[in-house]
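Just below is one structure, and these are the notes that go with it.
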Amino acid sequence: MSSSTEGSTKAIFYALGANGGIALAKFAASIYTGSGAMLAEAIHSLADCANQVFLLIGLKEAKKPANASHPMGYARVVYFWAMMVALLLFFVGGAFSVMEGIAHFKHPQPISAPWIALGVLGVSVVLEAISLRGAMVEIRKIAQGKPFMRWFRETRQSELMVVAGEDIAALAGLALAFAAVLMTVITGNPLWDACGTIAVGVLLMVVAVMVIREVKAMVTGESAAPEVHAAIKAHIEADVDVASIRNLISMQWGEQVMIAVQAVMRPQSSDVALVDAINRIEAGIQQRWPQVHWCFFEPDHALLKQAAAGAE
């Protein structure tokens, strides 16, 4: 198991453990107090548990070996499961909360034993903070000093991105639910609880849309991370047998990377020497970047470009 996959798996298990305990506590508190905001949070935590299970399934399926029908393996299956998680977060977490809030807004009900709800929400904040800290530790290991939002936009690790997004949404949602229940206690007006439920739902839907947008880019075929693409290009250009690069395509394939290179090669003594030079370049790339599982190299000649220009 690679270090990046191991880090993602740790973050997922942190989140699964935290959300499992939180969901049970929230359901019990919502039944006892009748709080709509608490019920919305309970549904959210239950959806998060299902999400983490989906991500673990995706990581397991991604390790299936390549075969005739999938010659490049199953690594990209993690994007499918990440998209499923984002949709679940949107519809089960967000849309359900909004509908529940609207129902409580139309038919407001007082909250019984609100201090229990506040206590459960307070404990949930601590547990979610621990889960988020675990995800952030793993992110810092691979972010190379990037600010979080830049890492979020540029990362190709869909599962870790989803966990981080979920945890941030969960903490913000807990804060909203806590504020809603507290205002209900202070004012005696249950409409605060209904508004808090709707706010939690809208928040989850916004985060889900952000995650869907990033996963969509991965599903449709995204290049390797910008710094990786640039470093590979610089590495090839610096080789003594390469005159210039005509084109370099990189594609993220789950954890793995595929690159295709069209390069103008310097004159070689023979075709065997040319093949040896290409093999050496490919081996050097894969040694420095082990995630590059496929390297397709097309040698070119400067005279071909000149002939084409003359024909025009």
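Structural remarks
- Residue that is touching a residue at least 12 places away in the same chain (Cβ under 8 Å) and on the phi > 0 side of the Ramachandran plot, where the choices are Ala113, Ala47, Ala75, Ala103: Ala113
- From Val78, Val53, residue being at pLDDT 85 or above, crowded, with 20+ Cβ neighbours inside 10 Å and among the aliphatic types (A, V, I, L, M): Val78
- Some residue of the stretch 163-179 being surrounded by 24 or more Cβ atoms within 10 Å (Cβ to Cβ), at pLDDT 85 or above, touching an Asp or Glu at 6+ places or on another chain (Cβ under 7 Å) and of a type in the set (A, V, I, L, M, F, W, C): no
- The listed residue being loosely packed, with under 14 Cβ neighbours inside 10 Å, touching a helix residue (DSSP H, G or I) at 6+ places or on another chain (Cβ under 6 Å) and polar (S, T, N, Q), out of Ser69, Ser112, Ser97: Ser112
- Single match in Ala180, Ala175 (criterion: touching a Cys at 6+ places or on another chain (Cβ under 8 Å), of a type outside the set (D, E, K, R) and either within 17 Å of Val211 (Cβ to Cβ) or in the same structural domain as Ala25 (by TED's automatic domain parsing) (or both)): Ala180
- Residue satisfying all of: in the stretch 70-82; within 15 Å of the chain's Cα centre (by Cα) and part of a loop (DSSP other than H, G, I, E, B); farthest from Ala208 (Cα to Cα) among these: Ala75
- The listed residue being farther than 30 Å from Trp115 by Cβ and modelled with pLDDT under 80, out of Ser35, Ser45, Ser2: Ser2
- Taking the stretch 242-278 as the range and being modelled with pLDDT of 90 or more, buried (at least 18 other Cβ atoms within 10 Å of the Cβ) and over 16 Å from His229 (Cβ atoms) as the test, the residues that pass are Val242, Met265, Ala277, Ile278.
- Residue within the stretch 61-69 that is over 24 Å from Trp192 (Cβ atoms), hydroxyl-bearing (Ser, Thr, Tyr) and either in the same structural domain as Arg133 (by TED's automatic domain parsing) or part of a loop (DSSP other than H, G, I, E, B) (or both) present: yes
- Whichever residue in the stretch 180-195 is outside any helix (DSSP H, G or I) and surrounded by fewer than 16 Cβ atoms within 10 Å (Cβ to Cβ) and, among such residues, is nearest to the chain's Cα centre (by Cα): Asn189
- Pair list, Cβ under 8 Å, 6 or more apart: the stretch 146-168 residue outside any loop (DSSP other than H, G, I, E, B), other residue surrounded by fewer than 23 Cβ atoms within 10 Å (Cβ to Cβ) and among the charged types (D, E, K, R): Phe152/Glu214; Arg153/Glu214; Glu154/Lys146; Ser158/Glu214; Met161/Glu214
- Listed by first and then second residue, the pairs with beta-carbon distance under 6 Å, at least 6 apart or on different chains, first residue in the stretch 1-27 and outside the structural domain of Gly134 (by TED's automatic domain parsing), second at pLDDT below 70, form an empty list.
The values are calculated or read from the model by the stated rules, or taken from the named source; none is laboratory data. The shown structure was predicted, so the numbers you read here are calculated from the model rather than taken from an experiment. Cβ: placed from backbone, ideal geometry, glycine included. Neighbour counts: every protein chain shown.
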